[in-house]
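The values are calculated or read from the model by the stated rules, or taken from the named source; none is laboratory data. Here the structure is a predicted model, which is why all the values come from computation and not from measurement. Ideal geometry is used to build each Cβ from the backbone, glycine not excepted, and the neighbour counts take in all protein chains shown.
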Amino acid sequence: TDKSLDRDCTTLSRHVLQQFQNFSPEAQDLSALMNRIALAGKLIARRMSHAGLMEGVLGFTGEVNVQGESVKKMDVYANDVFISVFKQSGLVCRLASEEMDKPYYIPENCPIGRYSLLYDPIDGSSNTDTNLSLGSIFAIRKQEGDDLDGDAKDLLAPGHKQIAAGYILYGPSTMLVYTMGKGVHSFTLDPSLGEFILTEENIQIPVHGPVYSVNEGNFWQWNEPIREYVRYVHRTEGYTARYSGAMVSDIHRILLQGGVFLYPGTLPKPEGKLRLLYESAPLAFLIEQAGGKATTGHQNILDVVPSKLHQRTPLIIGSKQDVAKVESFIQNGH
Ligand code: P6P
């Protein structure tokens, strides 16, 4: 068949099925599930592209969320989109999100709902009002037990329990990048088709890259090993700083070009800012699948067992060599 036609037909749902090389119920489930994630991405991308043209998209809602952060209208809209696309899906019983104190249960999908969705609906929402790139981050886990008391204790498990994870990057084009433990694959939204079409399969992160991505405005709060690492890249040729305020963009760049993204702990907040379950663990799964590394500085992100849903973690993630360089400053001071 025509090569370009074949590529146009490699949609996300077909690619997921190909990953299984069979049409088992689990393969069908995950294909349908990923298709719902894609629908969420399309709905969010559409609204974002109209932000400056319609009321009610930009700015704040005036509320403060469970994290104590002021809530952007886009955060609320995107959070609701993920809930809506999974209703009547029969697939997902529970959704856990940065925007919700407790998990959201879809009663018609429970308790048979075989899967839980953990997500950050809009990561980098400070970029919404300035038309800069931002992302959604998602992870899929199997539901374990019946969770009758509704506190989702089975979600307090290490990142190895993720069966799929990835992000949607709302940039000049909208991309979806995912893994199900069989490599990392990227798709680009073709708005004329309304489909995410395969762009790159089995992406491998370079073992080293020039980019270091960190908010140097926090320098005064860091401990000495992190300060020493940043002094090292300042005085060493071959490094370039890139930091956008949305880690999905920064990590996507690093996935393709190599380097390291870090959001370390600070002296007042040694646990850092980023969430484990629906920010760091999904990205760690994906980057490890691409041949990279993700650590707290002392432990692999995927090994961390959270004690609470919104647990924070320091995050150092990217090319193996560059992550190891940061770890050596943390562990040996040089
Ligand atoms: P700071 C966005 O809120 C986010 O979670 C990441 O996407 C981003 O890298 C980081 O926080 C930005 O935080 O403290 O550097 O502004």
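Tell me, which residue of segment 240-291 that is of a type in the set (Val, Ile, Thr) and buried (at least 23 other Cβ atoms within 10 Å of the Cβ) is nearest to GLU216 (Cα to Cα)? The qualifying residue nearest to GLU216 (Cα to Cα) is VAL260. In segment 128-138, of all residues being in contact with a helix residue (DSSP H, G or I) (Cβ under 6 Å, 6 or more places away or on another chain) and small (Gly, Ala, Ser), the one that is surrounded by the most Cβ atoms within 10 Å (Cβ to Cβ) corresponds to GLY135. If you go through segment 132-146 one residue at a time, how many are touching a Leu at 6+ places or on another chain (Cβ under 9 Å) and within 16 Å of the ligand (Cβ to nearest atom)? Result for segment 132-146: 7. The residue that is farthest from the ligand (Cβ to nearest atom), counting only those in segment 212-229 that are among the hydrophobic types (A, V, I, L, M, F, W, C) and buried (at least 22 other Cβ atoms within 10 Å of the Cβ), is ILE226. Could you list all residues from segment 305-319 that are in a strand (DSSP E or B) and among the basic types (Lys, Arg)? The answer is ARG312, and nothing else. Taking ILE330, is it in a strand (DSSP E or B) and either modelled with pLDDT of 95 or more or within 16 Å of the ligand (Cβ to nearest atom) (or both)? No: the conditions fail for ILE330. Would segment 292-308 turn up any residue that is in contact (Cβ under 8 Å) with a residue 12 or more places away in the chain, within 23 Å of ASP75 (Cα to Cα) and out of contact with any His (no Cβ under 8 Å at 6 or more places or on another chain)? Yes. Residues that are within 11 Å of the ligand (Cβ to nearest atom), closer than 25 Å to ILE163 by Cβ and either surrounded by fewer than 22 Cβ atoms within 10 Å (Cβ to Cβ) or at pLDDT below 95 (or both) do not occur anywhere in segment 292-301. The condition of being more than 20 Å from the chain's Cα centre (by Cα) and without any contact (Cβ under 8 Å) to a residue 60 or more places away in the chain holds for PRO210. If the condition is being of a type in the set (Gly, Ala, Ser) and either touching a helix residue (DSSP H, G or I) at 6+ places or on another chain (Cβ under 8 Å) or near the ligand (Cβ under 10 Å from one of its atoms) (or both), then segment 238-271 contributes ALA241, SER244, GLY245, ALA246, SER249, GLY258, GLY259.
Scanning segment 305-319 for residues that are surrounded by fewer than 20 Cβ atoms within 10 Å (Cβ to Cβ) and within 19 Å of the chain's Cα centre (by Cα) yields VAL305, PRO306, LYS308, HIS310, GLN311.
So which residues in segment 154-192 are over 20 Å from GLY291 (Cβ atoms) and among the charged types (D, E, K, R), if there are any at all? If the condition is that a residue be over 20 Å from GLY291 (Cβ atoms) and among the charged types (D, E, K, R), then ASP154, LYS161, ASP190 are the ones that fit.
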